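Undergrad: Sharing a structure here in C-alpha cells format.
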Amino acid sequence: MTKATHCAVLTGDLIKSRQSDTAAVDKTFDVLRHAAQAFGATWDIDLRFTRYRGDGWQIVLTKPGLLLDAALYFVARLKAGQTQIATRISIGVGASDTLGTRDLSDATGPAFFVSGDHLAQMGRNRVLCVAGQGIGVEQTAIIDLAEWIATGWTATQAEAVAIHLEGQLTRHEDIAETLGVTRQAVQSRLAGAGLSYFDNALYAMRNHNYASDETT
C-alpha cells in the first residue's frame, strides 16, 4: 500500500485470552473486526484490521486525530457485545514507512514501533495508553481519564455510546428506535456513561497538531 506520512496505530491484545475457549476468542475478534469496518465507514478510512499472534490485533488511523474516538468505540463495542473478554489498547502516533501490502502484518515505521513497545510495557491493570509524536501530558491525561470512565460502562451504556460514536444516528429518538427502547432510556444510558463530558476531549484530540515535535 502507498506510504503514509503520519498516523496513529492502535495495537491491542486480549486480556486473559488463554483462560477462555476458542469460541469466545473468535467471537471477540469478530466484534473487533466488525467494529473496525463500522468505524472506517463512518470516517471514510480503511483501518486495515489485522489479527496476529493468536490474541493480538492492530489497526491504523490515517487521521490520527480520531485516536480517542477509536479507542472509546472499540472499548464500547466489546462491552456491548458481551464477549466477556476485554482488550488492552496501546496507541502510537508518528510516521509510517509503509502500511503494508494486504494488511498490517508487514507494515512498519515509528508509529508501529511506539504502539507495540508501549503495549509490552503496559501495567497489568491498564487498558489504554498513548505515546509518540505530538503526545504530551495533556493527551496522556485525557486517555487516562477516558480509560477510567469507559471501563466502568455497563453493556447497555456501551451499546448506546457505540451507536452515538458511529455518527449515523444523532437524535436520541433514532438511537432509541434502533435499540427498541424509549428515548428516556437512551438519555439515561448516555448520561450514565458520561458521554457529554467527552465532547471537549474529543474536540481537542481531533484538532490537536500531532505533527509537532513534543513527545513523551
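Undergrad: Of (1) under 30 Å from ALA211 (Cβ atoms); (2) touching a residue at least 40 places away in the same chain (Cβ under 8 Å); (3) surrounded by fewer than 23 Cβ atoms within 10 Å (Cβ to Cβ), HIS34 satisfies all except one. Which?
TA: All conditions pass for HIS34, except number (1).
Undergrad: List the pairs whose first member sits in segment 166-184 and is within 23 Å of ALA36 (Cβ to Cβ), whose second member is of a type in the set (A, V, I, L, M, F, W, C) and not in a helix (DSSP H, G or I), and whose Cβ atoms are under 7 Å apart, counting only residues at least 6 apart or on separate chains?
TA: Pairs found: ILE175/LEU169; THR178/LEU169.
Undergrad: Suppose we keep only residues that are aromatic (Phe, Trp, Tyr) and assigned to a helix (DSSP H, G or I) within segment 156-212. Which one would you say is surrounded by the most Cβ atoms within 10 Å (Cβ to Cβ)?
TA: PHE198
Undergrad: Determine whether LEU72 is modelled with pLDDT under 95, crowded, with 23+ Cβ neighbours inside 10 Å and of a type outside the set (S, T, N, Q).
TA: For LEU72, the condition - modelled with pLDDT under 95, crowded, with 23+ Cβ neighbours inside 10 Å and of a type outside the set (S, T, N, Q) - is not met.
Undergrad: Quickly run through segment 39-62 and pick out the residues that are among the acidic types (Asp, Glu) and closer than 22 Å to LYS16 by Cβ.
TA: ASP55
Undergrad: When you go through ASP117, ASP144 one by one, which is the residue that is under 17 Å from LEU72 (Cα atoms), at pLDDT 95 or above, charged (D, E, K, R) and assigned to a helix (DSSP H, G or I)?
TA: Sole residue among the options that is under 17 Å from LEU72 (Cα atoms), at pLDDT 95 or above, charged (D, E, K, R) and assigned to a helix (DSSP H, G or I): ASP144.
Undergrad: Here is a check on your reading of the model: is LYS63 in contact with a helix residue (DSSP H, G or I) (Cβ under 7 Å, 6 or more places away or on another chain) and surrounded by 21 or more Cβ atoms within 10 Å (Cβ to Cβ)?
TA: Taking the combined requirement at face value, the residue does not satisfy it.
Undergrad: Identify all residues within segment 185-216 that are closer than 27 Å to LEU61 by Cβ, without any contact (Cβ under 8 Å) to a residue 40 or more places away in the chain and of a type outside the set (A, V, I, L, M, F, W, C); write none if there are none.
TA: ARG189, SER196, ASP199, ASN200, TYR203
Undergrad: When you go through GLY116, GLY134, GLY94, GLY65 one by one, which is the residue that is in contact with a Gly (Cβ under 7 Å, 6 or more places away or on another chain) and more than 19 Å from LYS16 (Cβ to Cβ)?
TA: Answer to the selection: GLY94.
The values are calculated or read from the model by the stated rules, or taken from the named source; none is laboratory data. The structure displayed is predicted, hence computed values, not measured ones. Heads up, the Cβs are rebuilt from the backbone with ideal geometry, glycines too, and the neighbour counts pull from every protein chain shown.
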